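Colleague: First the structure, which I've put down as structure tokens, then a few questions once you've had a look.
The values are calculated or read from the model by the stated rules, or taken from the named source; none is laboratory data. As the structure is a prediction and not an experimental result, all values here were calculated from the model. FYI the Cβ positions are ideal-geometry reconstructions off the backbone, even for glycines, and counts take in every protein chain you see. Surface accessibility is based on the protein's heavy atoms, side chains included, excluding ligands, DNA and RNA. Shrake-Rupley method; radii C 1.70, N 1.55, O 1.52, S 1.80 Å.
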Protein chains: 2
Amino acid sequence: MISMLNDHDARKVLQSAHVARLGCIVNGEPYIVPISYNFEGDDLYSHSLPGTKIKALRENPRACVQVDEIESDLHWRSAMGFGKFEEITKENERATILAKLLRRFPMLTPVEASIAADGCSPEVIVFRIRIDRITGVSES
Amino acid sequence: MISMLNDHDARKVLQSAHVARLGCIVNGEPYIVPISYNFEGDDLYSHSLPGTKIKALRENPRACVQVDEIESDLHWRSAMGFGKFEEITKENERATILAKLLRRFPMLTPVEASIAADGCSPEVIVFRIRIDRITGVSES
């Protein structure tokens, strides 16, 4: 049976995963990429190298992030957060966020670690999605 | 190191998974849902109950489907197919597609099985995404 998740449960799905799918609009078309992230309060934090999604989000900052817990085709939960892309440019804020991402993802390589130590590396984009709406669905 | 997948490898990622994330545009915003699917030739087949994504895709049929194989934060592949949503309305075609989806997803319940046997059940939307462009990225 498919049913809606309440806000609390949808938020829990968003909080519990490490990988989300980030959706944005590229040349009028939907576009999806997997991201590692950290969810704090109403903000989802992540980082990226420059590329298609960053270019698109700078032009149109509306984004969604989707997270699911799939046990089987008939037992799953999916939550989506909708919000606005904001780039973090202050060096100390960048460093704090990158350090938190690094703590959460111990698999990150020494290269990434040095990026985190040097938050001002201009190639790495640090960003948040300010979530203003959350929805979720489950089937069980 | 992040690198682009060639068409062959990106296609293999799309063919090998069972769950894709379908992206569409809802009220000008990106929207993502997980779907079970079958990929044949250049078409991705799936089915759905009526709802937000179907309403949106009827209005704006451009869609993307994203599939990933994530071993770890630093070892993953992600492929995306872009294309056009098309509803399948012919009863025999619906029945054939639903039967194939059922064979691929043995977890589907007796309720779904009866839907597949009776392809003309009007509540179930059977659709394809006609893929016209495939891209892929890997990190390893």
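Residue-by-condition table, conditions (1) over 12 Å from the mean Cα position of the chain (by Cα); (2) under 30 Å from A:R103 (Cα atoms); (3) of a type in the set (A, V, I, L, M):
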{"site": "B:N6", "(1), (2), (3)": "yes, no, no"}
{"site": "B:I32", "(1), (2), (3)": "no, yes, yes"}
{"site": "B:Q66", "(1), (2), (3)": "no, yes, no"}
{"site": "B:M80", "(1), (2), (3)": "no, yes, yes"}
{"site": "B:E91", "(1), (2), (3)": "yes, no, no"}
{"site": "B:R103", "(1), (2), (3)": "yes, no, no"}
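Colleague: Condition first: open to solvent by 20 Å² or more (accessible area, probe 1.4 Å), modelled with pLDDT of 95 or more and facing chain B (nearest Cβ under 10 Å). Now tell me which residues in region A:48-69 satisfy that.
Modeller: Across region A:48-69, the qualifying residues are A:N60, A:R62.
Colleague: Go through region A:49-73 and give me each residue that's in contact with a Ser or Thr (Cβ under 6 Å, 6 or more places away or on another chain) and over 21 Å from B:G28 (Cβ atoms). It would help to see each step written out before you state the result.
Modeller: The initial filter retains those residues of region A:49-73 that are in contact with a Ser or Thr (Cβ under 6 Å, 6 or more places away or on another chain), namely A:54, A:68, A:73.
The answer is A:D68, A:D73.
Colleague: Sticking with this one: Quick test of your reading of the structure: A:S72 fulfils all but one of (1) among the polar types (S, T, N, Q); (2) surrounded by fewer than 16 Cβ atoms within 10 Å (Cβ to Cβ); (3) touching a residue at least 12 places away in the same chain (Cβ under 8 Å). Name the failing condition by number.
Modeller: Result: A:S72 passes all but (3).
Colleague: Right, something else. If I ask for residues that are outside any helix (DSSP H, G or I), more than 9 Å from chain A (Cβ to nearest Cβ) and open to solvent by less than 40 Å² (accessible area, probe 1.4 Å), which ones from region B:1-25 would you list?
Modeller: First, the residues of region B:1-25 that are outside any helix (DSSP H, G or I): B:1-6, B:17-25.
Within this subset, residues satisfying the condition of being more than 9 Å from chain A (Cβ to nearest Cβ) are B:1, B:3-6, B:17, B:20.
Answer for region B:1-25, where residues must be outside any helix (DSSP H, G or I), more than 9 Å from chain A (Cβ to nearest Cβ) and open to solvent by less than 40 Å² (accessible area, probe 1.4 Å): B:L5, B:A17, B:A20.
Colleague: Just one of the numbered conditions (1) at pLDDT 95 or above; (2) more than 7 Å from every other protein chain (Cβ to nearest Cβ); (3) within 15 Å of the chain's Cα centre (by Cα); (4) within 21 Å of A:C64 (Cβ to Cβ) is not true of B:Y45; which one?
Modeller: With (1) at pLDDT 95 or above; (2) more than 7 Å from every other protein chain (Cβ to nearest Cβ); (3) within 15 Å of the chain's Cα centre (by Cα); (4) within 21 Å of A:C64 (Cβ to Cβ) applied to B:Y45, the lone miss is (4).
Colleague: From the list B:P30, B:P34, which residue is within 14 Å of chain A (Cβ to nearest Cβ) and either open to solvent by less than 20 Å² (accessible area, probe 1.4 Å) or in contact (Cβ under 8 Å) with a residue 40 or more places away in the chain (or both)? Talk me through it step by step, then tell me what you get.
Modeller: On the way: B:P34 fails: either open to solvent by less than 20 Å² (accessible area, probe 1.4 Å) or in contact (Cβ under 8 Å) with a residue 40 or more places away in the chain (or both).
The unique qualifying residue is B:P30.
Colleague: Select from region B:85-131 the residues that are within 11 Å of another protein chain (Cβ to nearest Cβ) and open to solvent by 80 Å² or more (accessible area, probe 1.4 Å) and write down the one among them that is modelled with the lowest pLDDT.
Modeller: Here the answer is B:V111.
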